[in-house]
Every structure is written in C-alpha cells, then in structure tokens.
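One structure is given below, encoded as structure tokens.
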Amino acid sequence: MVDDNKTRIIKRYKNRRLYDTKEKKTIKIEDVVKLVKDDIDFNVIDNQSQKDITIKILSQAFSDELKKSKRLKQTGKILRQLILRGGESTVDFFEKTLLAGLGLFDLTREKAEKIVDDLIKRGEVSKSDKAKAVKEIIKGHEERMKKLKDKIDERVEKISTKIRMAKKDDLDELGKKVDQLAKVVERLEKKLGK
C-alpha cells in the first residue's frame, strides 16, 4: 500500500460498499473506472483485514466495463493498471475475468442440450443424435475456448513485455537525470567552495 498524499485511499467495507476517503463519500465501481480513466492514483483497502485489494476491484471494474462495451479497446486503461499493479500473478485471474466478462464460460451441458433441443424442433438434428450433438457442441466450445485463451495469453505476454520495457526505459531515463543533477550539485559545491 502506498501511503502518500497523492494516492487516494478507497475503503471497501464488509457490506461491499466502497468509500472514497478523500471525497468522504460512498462510490460505485463506475466511479473507480472514472478514477482509472482520469489517471488518479488510488489503492483499495479492505477495511476489515486492511489488505490491499486494488487488483481485485480493478478486475471487477474491467469485467463490468467489458460486459458493457464488449470492446477491449475501451477498457485499455483498466487493463494497463491491472498489469502494472499485479504483473505476472494477475494474468490467470485476468484471463478468467475477461472470458467471464465475454460470457464464454457460460456454456453448460444444460445450455448445450437446450441448443440441440431447438435444432431438433427445427428438424436439423434427429432425436437419436441428441447425445452426439451435445458432445460435439461442448467439444467445439472447449476448442474455441482453448484457441481464445491461447490468443489472450499471447496478447497479455506482449503487453506485459511492453510494460516491463517501458518501466526499464523510465528507470534508465531517471538514472540519467539523477547523474545530471549530481553533476550540477558538484559544480555548485565547487563554486561555493565546499
């Protein structure tokens, strides 16, 4: 947890309500999304355990935004925050959140049977082929899920690599600036006779 004046603290209470300690008011997940989009640094703290749950709340916000927009591009800032804050440890959690947000985990055997029943009613599948058709739908769904998961893994790895490179570049730049400042201080000390 970062504890400086620039980092806004959001507390989550037992009743799952979020409270912005700076604005001194209850906020919703949409307000968290707005904080991210406005580049406001914040941490979400569980009021009971005092643990930082920012990644969990960002994941929830990402999932909610994805359900609303159905476009990953509009949720880019939230995704970036998730990766920056959680790094590699949140990739699996992110994948599950993304896939759930797209509604891709929702194909149950029951739903597959309903699809096949509709096909039977339309005369596209015979009743005797119902079990086989259900298995094919589930198998096809699992194959598509695996392909999608592989694509997501690939994209997340590319994004993670870019972010790690950006962090390294930022650190290198900061190092150069510190060296320049040290030289300026050295010259000033010489001028002042220290």
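Things to note:
- Any hit, the range 55-63, residues being touching a strand residue (DSSP E or B) at 6+ places or on another chain (Cβ under 7 Å) and either over 16 Å from Arg17 (Cα atoms) or at pLDDT 75 or above (or both): yes
- Within the range 39-64, residues that are more than 17 Å from Lys28 (Cβ to Cβ) reach partners that are assigned to a helix (DSSP H, G or I) and hydroxyl-bearing (Ser, Thr, Tyr) with beta carbons closer than 8 Å, at six or more positions or on different chains, in the pairs Asn43/Thr54; Ile55/Thr90.
- Screening Phe93 against (1) loosely packed, with under 15 Cβ neighbours inside 10 Å; (2) modelled with pLDDT of 65 or more; (3) not assigned by TED's automatic domain parsing to the domain that holds Lys139 leaves a single unmet condition, (2).
- Checking each residue in the range 128-175 for being modelled with pLDDT under 80, of a type in the set (S, T, N, Q) and surrounded by fewer than 11 Cβ atoms within 10 Å (Cβ to Cβ) picks out only Thr161.
The values are calculated or read from the model by the stated rules, or taken from the named source; none is laboratory data. Keep in mind that this is a model prediction, so the values were computed, not measured. Quick reminder, even Gly has a Cβ in these numbers, built from the backbone with ideal geometry, and neighbours come from all protein chains shown.
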